[in-house]
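Notes follow the structure.
The values are calculated or read from the model by the stated rules, or taken from the named source; none is laboratory data. Computed from a predicted structure; not experimentally measured. Note that each Cβ is placed from the backbone with ideal geometry, even for glycine, and that neighbours are counted across all protein chains shown.
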Amino acid sequence: MKRLLPHPALSAMLLIVWLLMANTITMGGIVLGGFFALILPKFTQPFWPDRPRMRFGRAFLTYLAIVVFDIVVANFQVARLILFRRNRDLRARWLIVPIELTTPEAITMLAGTISLTPGTVSSDVSADGRYLLVHALDVADDAAEVARIKTRYQARLQRIFV
Amino acid sequence: MSAIADIVIVSLLLLGAGFALIGSWGLVRLPTTMERLHGPTKATTLGLGALLIASVVYFQTRLGIWTAHELLISLFLFITAPISANMIAKVHLHRARTGAANEPIGIAGPPPRPGEKGDWATFEAPKRETPASTANS
């Protein structure tokens, strides 16, 4: 099983994306998608050495729901900033977020989440991989914003990437 | 039935177009590169999400078919948008430090250094033997 499907999550993802692309569920589509789901992970195996294990359970679904909710709320906040705040009143800041995640995949996911929620863009990671440089458009309290990122996103990612 | 669907579609389209407009307006009026980056990241999330939901509702109510391409579009956007924003930010940091940028550095000023020693990955090669490094293997 491990040799046939070295990366079950990637295989499932490939099959789903293939069926979404075809936009119909037919026997032929499932067979062709299943074929790609079988051989592509096998051929790309050298590209992801020591990948972390992920749990796609309740923690993952909660994380997705929270991120989508935050994207919607933050969109309205940033829209208000753009429309009504004068440039000289913007409190744009650099934030340094200490990373407690231990794999590149998890750090990428945290950085992507920070960039997707409007108002914050993750700009760089430190060379030793322990800090994330985040640019925030308008923050009142730097420490509180960093703490929010840590508890809201990072703590949940730590439970997903085990 | 059809009237309700029309109202839903039109209000979603207006919401999406409105957010795309506000995002573009942000691109024009915010002062420097780092602040401007926040505009486009908005347009691709909620603005585009509303437009894509409108498309799903339209195809379902008007033509009676379910489409899934919108889901794929948002999936690809969610993967690519943060990466392009990250690359723009890194180029901006580099130009700001080497003095190549002929524009003000931004409201937040130059970025602080991480911790006591070391630097950001734009200026210093990634260290091996750290838990986050991809240079290990």
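Need at least 3 residues that are surrounded by 18 or more Cβ atoms within 10 Å (Cβ to Cβ) and of a type in the set (A, V, I, L, M) per element, so show me which helices (runs of 4 or more DSSP H) inside the range A:43-162 make the cut, counting only ones lying wholly within it.
Result: A:58-84, A:104-116.
Tell me which of these residue B:110 doesn't satisfy, since it passes every other one: (1) surrounded by fewer than 18 Cβ atoms within 10 Å (Cβ to Cβ); (2) under 17 Å from the mean Cα position of the chain (by Cα); (3) within 30 Å of residue A:131 (Cβ to Cβ).
So the condition that residue B:110 fails would be (2).
Suppose we filter the range A:90-112 for residues that are at the interface with another protein chain (Cβ under 8 Å from one of its Cβ atoms), in contact with a Phe, Trp or Tyr (Cβ under 7 Å, 6 or more places away or on another chain) and within 21 Å of residue A:66 (Cα to Cα); how many remain?
Within the range A:90-112, residues that are at the interface with another protein chain (Cβ under 8 Å from one of its Cβ atoms), in contact with a Phe, Trp or Tyr (Cβ under 7 Å, 6 or more places away or on another chain) and within 21 Å of residue A:66 (Cα to Cα) number 2.
Across the range A:62-120, what is the number of residues that are in contact with a strand residue (DSSP E or B) (Cβ under 7 Å, 6 or more places away or on another chain), modelled with pLDDT of 85 or more and among the polar types (S, T, N, Q)?
Count: 2.
Check residue B:35 against each of (1) modelled with pLDDT under 90; (2) under 23 Å from residue B:73 (Cα atoms) and name the one condition it does not meet.
Failing condition for residue B:35: (2).
Identify, please: which residue in the range A:89-141 is farther than 20 Å from residue B:123 by Cα and of a type in the set (D, E, K, R) and is, among those, nearest to the chain's Cα centre (by Cα)?
A:105
With respect to residue A:79, is the statement that it is without any contact (Cβ under 8 Å) to a residue 40 or more places away in the chain, farther than 16 Å from residue B:89 by Cβ, more than 10 Å from chain B (Cβ to nearest Cβ) and over 12 Å from the mean Cα position of the chain (by Cα) true?
No; evaluated as a whole, the condition is false for this residue.
Which condition from (1) farther than 21 Å from residue A:115 by Cα; (2) part of a helix (DSSP H, G or I) is the one that residue B:90 breaks?
(1)
So residue B:34 passes all but one of these: (1) under 30 Å from residue A:158 (Cβ atoms); (2) without any contact (Cβ under 8 Å) to a residue 60 or more places away in the chain. Which condition number does it fail?
So residue B:34 meets the others, but not (2).
Scan the range B:47-65 and tell me whether some residue there is assigned to a helix (DSSP H, G or I), in contact (Cβ under 8 Å) with a residue 40 or more places away in the chain, more than 8 Å from chain A (Cβ to nearest Cβ) and among the small types (Gly, Ala, Ser).
yes
Does any residue in the range B:98-123 that is on the phi > 0 side of the Ramachandran plot come within less than 6 Å, Cβ to Cβ, of a residue that is in a loop (DSSP other than H, G, I, E, B) and of a type in the set (D, E, K, R) six or more places away or on a different chain, and which pairs are these?
Note: pairs meeting the criteria are B:118/A:128.
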